[in-house]
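Below is one structure, written out as structure tokens; the observations come after it.
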Amino acid sequence: MYKIKLNNIKFRAHIGVLPEEKVLGQNLEIDLIVETNFDFSGKDELDETLSYVDFYEATKAVIESSKADLIEHVAFEIIQAVKATSERISTVEVHLRKLAVPIEGIFDSAEIEMRG
């Protein structure tokens, strides 16, 4: 077993509770950690592993289609979409950061971590 990570994927999304978030949108950053449920054979062949391109494309499809209120909902959808790419995935962990949070205060982001 081993992990495949995609770090700091950036998207523009139209999610959020407030109406202006859905209209104006905001920037998201996502880290994916995908745990396999098989041992790597050592062969230099793509069918001996999992494709992180598939993980990126599944995540992108969720972000581009989502109009969700909650980043928790988006993280859950990403987990489901990534897991659907292969039965050789045991666990997906998502760290989803919303960079432009519409509250008064000074901080970098709001983040949800979810594992499934």
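In the chain, taking the dipole from charged Cβ atoms about the Cα centre, the farthest positive-side position among Tyr52, Ile106, Phe38 is held by Ile106. Of the heavy-atom accessible surface of the chain (probe 1.4 angstrom), what whole percent is carbon and sulfur? With neighbouring chains kept in place, the figure for the chain is 53 percent. Only the Cβ atoms of Lys and Arg (+1) and of Asp and Glu (-1) were treated as charged; on that basis the dipole of the chain about its Cα centre amounts to roughly 180 debye. Taking a quarter of the surface of the Cα convex hull of the stretch 49-116 gives a mean projected area of 5.0 nm². Remark: the chain is approximated by an ellipsoid whose semi-axes, taken from the C-alpha gyration tensor as √(5λ), come to 30, 13, 11 Å, largest first. Counting only alpha carbon atoms, the long axis of helix 52-65 and the longest principal axis of the chain meet at about 30°. In this entry, the stretch 15-54 is assigned a mean projected area of 4.7 nm², taken as a quarter of its C-alpha convex hull surface. On a 0 to 90 degree scale, rounded to 10, what angle separates helix 71-83 from the longest Cα axis of the chain? Taking the Cα atoms of the chain, the angle to 71-83 is about 20 degrees. Couplings 3J(HN,Hα) for the stretch 101-106, derived from phi with the Karplus relation 6.51 cos²θ - 1.76 cosθ + 1.60 (θ = phi - 60°), are 8, x, 10, 6, x, 10 Hz, where x marks Gly and Pro.
Counting Lys and Arg as +1 and Asp and Glu as -1, what is the net charge of the other residues whose Cβ lies under 11 Å from the Cβ of Phe38? That works out to -3.
The values are calculated or read from the model by the stated rules, or taken from the named source; none is laboratory data. Every value quoted in this text rests on a predicted model; they were computed, and no experiment measured them. Quick reminder, even Gly has a Cβ in these numbers, built from the backbone with ideal geometry, and neighbours come from all protein chains shown. Side chains are part of the model used for accessible areas, which takes the heavy atoms of the whole protein and leaves out ligands, DNA and RNA. Shrake-Rupley method; radii C 1.70, N 1.55, O 1.52, S 1.80 Å.
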